[in-house]
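First comes the structure, then the notes that go with it.
Every number here is computed from the coordinates shown, using simple stated rules; none is lab data. Just so it is clear, the model here is predicted, and its values are computed rather than measured. Positions of Cβ are generated from backbone atoms using ideal geometry, with glycine treated the same way; all protein chains shown enter the neighbour counts.
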Ligand SMILES: [Ca+2]
Ligand SMILES: [Ca+2]
Ligand SMILES: [Ca+2]
């Protein structure tokens with residue numbers, strides 16, 4: 001089998017594998033998106049120019065730490081002497097390793113390969129006619145990395161760079177030198193993710209059995225986000241007001257503004273943050289937590305880190321794939337007023353993913369090997 005055939009077979013096999021995996025409840029399992037950027041042909045030619053390219057992608061995430069990404073794109077690579085340009089239509093499959101898929105910012109690396117239809121157009125040196133000089137289908141390998149920023153649970157934007165090593169030396173119409181052609185790019189993309197939610201009809205992260213309005217979505221404004229009812233009152237922070245709803249009412253309870261944690265990784269501490277507003281002095285702000293299925297609640301105190309901002313940690317040993325429940329409560333010194341987000345009878349439930357340690361190790365090893373090789377090729381050329 002040729003390298004090209006091997007790559008195609010590997011592509012098909014990986015796609016079939018991706019279709020048979022089952023995603024974890026509450027996790028992103030499918031993504032679709034677009035990427036655009038600037039690529040540069042690093043062939044044996046001088047005067048390569050940055051050329052824009054566009055790609056669409058579809059990805060499967062069997063686990064949050066790993067994705068199979070299929071891409072189809074278009075670009076027209078040009079040089080400053082402009083005697084010809086090479087149009088390329090790459091179709092690719094890569095493995096993406098996500099290092100922090102549950103954080104707002106997720107570093108990732110990827111490696112893979114695919115095929116490219118290409119067509120070099122220009123003026124034929126023999127006839128002087130404009131037309132297609134050569135076209136073919138070839139294979140290439142690619143590697144790179146970047147950062148993914150989660151704008152919401154379903155939408156992410158990413159910035160990254162890719163190195164592609166083509167297995168042909170003809171993209172630049174210069175079948176010379178001792179190297180195959182390479183394409184370097186920098187890119188930005190957007191991905192829309194689909195989350196797998198069991199038992200959550202309105203898709204608001206509150207499972208049906210804890211959702212007081214299972215068909216109307218909670219407004220995730222930090223205010224009473226645990227019960228599944230979208231409260232009419234606005235979040236005072238979003239409104240830019242620090243005194244709502246504490247006013248003249250001397251019996252007002254503390255107000256807890258907390259954005260619920262929906263996902264976490266097994267074995268890692270969960271940092272819980274909450275803003276608490278109270279007319280009276282606060283006696284205590286605390287987290288109640290328990291692993292799913294355990295009768296007893298554990299308590300950990302939250303400390304004031306900044307004006308109104310309290311922080312505490314749920315220890316990693318309580319974070320298991322069975323799942324976790326927690327509440328945030330604030331009690332003022334009169335002991336009469338209690339503010340909360342989540343209650344022992346209506347706790348906030350966190351989906352826990354298996355540990356990503358092994359995946360990060362595989363990803364780092366794989367990344368070091370492929371990106372290391374790519375850097376070597378680029379640096380060798382620049383000598
Ligand atoms: Ca719900
Ligand atoms: Ca709310
Ligand atoms: Ca609510």
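Could you sort 119-130, 60-71 so that the peptide with the highest average Cβ count within 10 Å comes first and the rest follow in order? Numbers along the way, then the final one.
Working: 119-130: 11.8, 60-71: 21.2.
Per-residue Cβ counts within 10 Å, averaged per peptide and sorted highest first, yield 60-71, 119-130.
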Between residue 105 and residue 362, what is the spin-label point distance in nm, taking each point 7 Å from the Cα along the Cα→C-beta axis? 2.7
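Taking 8 Å as the Cα distance limit and 6 or more residues as the minimum spacing, I'd like the relative contact order of the range 210-346 as a percentage.
Details: 297 pairs, mean separation 35.2, N = 137.
Computed value for the range 210-346: 26 percent relative contact order.
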Once residue 127 and residue 194 are pulled to full extension, the length gained, defined as 0.36 nm per residue separation minus their Cα-Cα distance, is 18.7 nm
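What ranking do 316-329, 358-371 get when scored by the average of other Cβ atoms within 10 Å per residue, highest first?
Details: 316-329: 18.9, 358-371: 15.4.
Highest mean packing first, the order is 316-329, 358-371.
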Show me the ranking of peptides 102-108, 299-305 by mean Cβ neighbours inside 10 Å, starting with the highest. 102-108, 299-305
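Which length gain, in nm to one decimal place, applies between residue 119 and residue 292 when the Cα-Cα distance is subtracted from 0.36 nm times their residue separation?
Values: separation 173, 0.36 × 173 = 62.28 nm, distance 5.87 nm.
Stretched out fully, the residue 119 to residue 292 stretch lengthens by 56.4 nm.
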